[in-house]
1. Would it be correct to say that Lys147 is within 23 Å of Ile115 (Cα to Cα), modelled with pLDDT of 95 or more and surrounded by 18 or more Cβ atoms within 10 Å (Cβ to Cβ)?
2. Looking at the range 104-121, which of the residues that are at pLDDT 90 or above and not in a loop (DSSP other than H, G, I, E, B) is nearest to Pro247 (Cα to Cα)?
3. Condition first: of a type in the set (Phe, Trp, Tyr) and under 11 Å from the mean Cα position of the chain (by Cα). Can you find one or more residues in the range 83-104 that meet it?
4. With Arg182, Arg69 as the choices, which residue is surrounded by fewer than 16 Cβ atoms within 10 Å (Cβ to Cβ) and modelled with pLDDT of 95 or more?
5. Inside the range 100-131, can you point out the residues that are without any contact (Cβ under 8 Å) to a residue 24 or more places away in the chain and under 24 Å from Ala24 (Cβ atoms)?
6. Determine, yes or no, whether Phe134 is touching a residue at least 40 places away in the same chain (Cβ under 8 Å) and touching a strand residue (DSSP E or B) at 6+ places or on another chain (Cβ under 9 Å).
7. Modelled with pLDDT of 95 or more and in contact with a Gly (Cβ under 7 Å, 6 or more places away or on another chain), is that true of Arg217?
8. Scan Ala106, Ala135 and give me the residue that is crowded, with 22+ Cβ neighbours inside 10 Å and farther than 23 Å from Val151 by Cα.
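The values are calculated or read from the model by the stated rules, or taken from the named source; none is laboratory data. It should be emphasised that the depicted structure is a prediction, and the values quoted were computed from it without experimental measurement. Counting neighbours? That spans all protein chains shown, and the Cβs are built from the backbone with ideal geometry, glycine included.
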Amino acid sequence: MPIPEADAPRAVEPAATRINAWIARTGVASRRAAERMILDGRIAINGQTVVDLATRVGPKDEVTLDGKRIEAESVTRYVVLNKPRGYVASMSDPEGRPLAAALIQARYPERLYNIGRLDQWSQGLLLFTNDGDFAAKVGHPSSGIEKEYEVRSGQDIPRQLLAEFERGLVAEGVRYQAEKARLIAPRVARIVLVEGKNREIRRVFESRMVHVESLTRVRIGPVLMGDMEEGAFRELTPDEISGLCPPAKD
């Protein structure tokens, strides 16, 4: 009795992905923010607006946000840059100032954007990614991620100022409070923030007439500056990634 020939293997089509997860892979937004975009009618698949959060995207579908095509990245990146002074932590600048993102763009073909900010005249660690979920979790104050700064002044830094900063003080009508504030030399302090408001350290020091000559972010959670030179960058290690954004428990 002849043995029947085996059926030829069928090509397996890549599985469709839930729309909010697919958008997060583009780096445009986190899954939660993507859901709001969908409900607001800003997302279309193959020219048809979608408002159903259960919608799935296949590999051949064209997705647009506000009429502009977006594409999911095939590779997720997690990069840390030692930003030099003078660079702006933004993806564009109407004033034409140099962008921190430009320092890494030649190395990575993916669209990477910075998580959080570091003002133009501050330097130090700045994170970049194209993972929307990661960016949303790491950038939100509820993550509790510590950010450590080294502050240098041209004058002695009063211990009383640092003690006030730890207890909480009001400057220009806003309350600021450091997680830790320690003097490591007469004119050098280390400040640890968790929430971190706009120009917080500079505003606090200026409120007590202490001039900040340089401000360097030397740590973000488990990510340390180490011996990175100004303008240098590297990809985060798996331990650093999980330390910043622990995997969800089953």
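1. Spelling it out, Lys147 is indeed within 23 Å of Ile115 (Cα to Cα), modelled with pLDDT of 95 or more and surrounded by 18 or more Cβ atoms within 10 Å (Cβ to Cβ).
2. Ile115
3. no
4. Selected residue: Arg182, the only one of Arg182, Arg69 that is surrounded by fewer than 16 Cβ atoms within 10 Å (Cβ to Cβ) and modelled with pLDDT of 95 or more.
5. Within the range 100-131, Gln105, Pro109 meet the criteria.
6. Working: touching a residue at least 40 places away in the same chain (Cβ under 8 Å): yes; touching a strand residue (DSSP E or B) at 6+ places or on another chain (Cβ under 9 Å): yes.
It is true that Phe134 is touching a residue at least 40 places away in the same chain (Cβ under 8 Å) and touching a strand residue (DSSP E or B) at 6+ places or on another chain (Cβ under 9 Å).
7. Yes: the conditions hold for Arg217.
8. Unique residue meeting the criteria: Ala135.
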